[in-house]
1. For the chain, take the longest principal axis of its alpha carbons; what is the angle in degrees between that and the long axis of helix 25-37, to the nearest 10 within 0 to 90?
2. Excluding Val82 itself, what net charge comes from residues whose Cβ is under 14 Å from its Cβ, given Lys and Arg +1 and Asp and Glu -1?
3. Each residue of region 78-93 in order: what ³J(HN,Hα) in whole Hz does its phi give by Karplus 6.51 cos²θ - 1.76 cosθ + 1.60, θ = phi - 60°, with x for Gly and Pro?
4. Carbon and sulfur together cover what percent of the accessible area of region 40-91 at a 1.4 Å probe radius?
5. Under a Cβ-only charge scheme (Lys and Arg +1, Asp and Glu -1), can you give me the dipole magnitude of the chain about the Cα centre, in debye to the nearest 20?
6. So for region 1-45, taking the charge dipole from beta-carbon charges (+1 Lys/Arg, -1 Asp/Glu), which of Ala15, Ala27, Pro2 sits furthest toward the positive end?
7. So with the 1.4 Å probe, I'd like the accessible area per residue for the chain, rounded to whole Å².
8. Angle, helix 2-17 long axis vs. longest principal axis of the chain, Cα atoms, 0 to 90°, nearest 10?
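The values are calculated or read from the model by the stated rules, or taken from the named source; none is laboratory data. Nothing here was measured: the structure is a model prediction, and the numbers come from that model. Glycine gets a Cβ as well: all are built from the backbone with ideal geometry, and neighbour counts include every protein chain shown. All accessible areas refer to the heavy atoms of the entire protein, side chains included, with ligands and DNA or RNA removed. Shrake-Rupley method; radii C 1.70, N 1.55, O 1.52, S 1.80 Å.
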Amino acid sequence: MPEQLAAQVGEIMRAQLKTAPVFERAAFGRLVMEIGQDYKTDLRYTAECMDCLQVAAEHILRARFIGANKLALHGGRLGITVGDLQLSARWHR
């Protein structure tokens, strides 16, 4: 069990060192365009706009996961639950 935990901690530390976007740019762009079509059909996005949206979305998700992790640690758990994410979302409104 300690070996597995050490491997997981190592994986987390390597992931934290990465500065690349979490989501692929193309996949995120398709998602933004799909959501945008619900509001207006002829929207166009610049590359700079997509980058800004992606950075903002990843920042919000990161903050929510950090909050959820703090809640889990406070509750004596090593992993987060749906309830942790929901409570973290309430904090960040």
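1. On a 0 to 90 degree scale, this one is about 60.
2. Numbers: positive: Arg64, Arg77, Arg90; negative: Asp84.
Net charge around Val82: +2.
3. Rounded to whole hertz, the list is 8, x, 8, 10, 4, x, 4, 5, 5, 5, 4, 5, 5, 5, 8, 7.
4. Numbers: 2480 of 4000 Å².
Heavy-atom surface of region 40-91 belonging to carbon and sulfur, 1.4 Å probe: 62 percent.
5. On the way: 12 positive and 10 negative charges, 60 e Å.
That gives a dipole near 280 debye.
6. Most positive-ward Cα: Ala27.
7. Counting only protein heavy atoms, the per-residue value for the chain is 86 Å².
8. Value to nearest ten degrees: 30.
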